[in-house]
Amino acid sequence: DAMVIQNPRYQVTQFGKPVTLSCSQTLNHNVMYWYQQKSSQAPKLLFHYYDKDFNNEADTPDNFQSRRPNTSFCFLDIRSPGLGDAAMYLCATSRDLGTRSEQYFGPGTRLTVT
Amino acid sequence: GENVEQHPSTLSVQEGDSAVIKCTYSDSASNYFPWYKQELGKRPQLIIDIRSNVGEKKDQRIAVTLNKTAKHFSLHITETQPEDSAVYFCAAPRNAGNMLTFGGGTRLMVKP
């Protein structure tokens, strides 16, 4: 059974056209993360929520925003996608903060910017 | 912040041989070291992890060793099988242990 679900799996957007990626979880975990993974590279953390507390990484561009309306859902908004934002976007959850419990990853959304 | 380096970036072995992937980290306060496996087009999945109070942990064909003095840890896969082919990422915590920094990944290819 899917525990971390991401929709859509593939998203094509135009340069500069806002796009929203969605993540939902059935694990009732406190923490939700968004990672960006470019081809053949390690996942790079963009931000995370611990419950309702939002934590942005220092080097995450302002172009990237996130919302967590409830425990189960988290959204990644890219306000004005550039060609360099084409990547796989991974959502992950954990019961507690990073080192105290395993992170469960979703299948990812592959974003193409044309 | 934490800096995690992973070697090699690619590794090709014959089925049945062993594979070893090494990572070094910079933050001496790090105390948790997971390994994730990512098959082509799939999500990363935790395969084994180790905490700093032990030097080695085994789970069937995979093992992880940790040398805190030297600040490095390694993944060992014995009797490799074609289904072990994937990208493997090590990680270490940063910022007082809350977030993970991932290594650059190792693409393991097991030839039948």
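Details
- Legend: calculated FRET efficiency, B:SER52 to B:HIS7, from the Cβ-Cβ distance at R0 = 22 Å, rounded to 0.05, equals 0.55.
- DSSP-loop GluC sites (Glu not before Pro) across the stretch B:1-109, with at most 14 other Cβ within 10 angstrom: B:GLU15, B:GLU39, B:GLU79
- Candidates A:HIS48, B:GLY16, B:GLY104 compared by Cα position along the dipole of the protein assembly as shown: farthest toward the positive end lies A:HIS48, with charges placed on Cβ.
- Positive-end residue, chain A charge dipole about Cα centroid, Cβ charges, pick of A:MET32, A:SER80, A:TYR104: A:SER80
- Counting only Cβ charges, +1 for Lys and Arg and -1 for Asp and Glu, the dipole size of the protein assembly as shown around its Cα centre is about 220 debye.
- Two-site label geometry, B:SER28 and B:GLU83: point separation in nm, points 7 Å out along Cα→Cβ: 4.3
- Distance between the 7 Å Cα→Cβ label points at B:ASP17 and B:ARG61: 1.5 nm.
- Magnitude of the charge dipole, the stretch B:1-110, Cβ model with Lys/Arg +1 and Asp/Glu -1, debye to 20: 320
- Net charge contributed by nearby residues that have their C-beta within less than 13 Å of A:THR13 (K/R +1, D/E -1): +1
- Evaluating 6.51 cos²θ - 1.76 cosθ + 1.60 at θ = phi - 60° for every residue in the stretch B:33-38, the Karplus couplings come out as 9, x, 10, 10, 10, 10 Hz, glycine and proline recorded as x.
- Equivalent ellipsoid dimensions for the stretch A:26-88 as semi-axes, Å, which come from the Cα gyration tensor, largest first: 21, 13, 11
- Coil-residue trypsin sites (Lys or Arg not before Pro) of the stretch A:14-99, DSSP, other Cβ within 10 Å capped at 14: A:LYS38, A:LYS52, A:ARG79, A:ARG95
- Taking the Cα centre of chain A as origin and assigning +1 to Lys and Arg Cβ atoms and -1 to Asp and Glu Cβ atoms, the resulting dipole is close to 260 debye.
- What the Cα atoms of chain B give is an Rg and a Dmax of 13.4, 43 Å.
- Rounded D (µm²/s) - the protein assembly as shown, Kirkwood Rh over Cα pairs, Stokes-Einstein at 37 °C, 0.692 mPa s: 181
Readers should treat all values here as calculations from the given coordinates under stated rules, not as data from a laboratory. Owing to the predicted nature of the structure, the values given are computational and were not obtained by experimental measurement. Neighbour counts run over all protein chains shown; Cβ positions are idealised from the backbone, glycine included.
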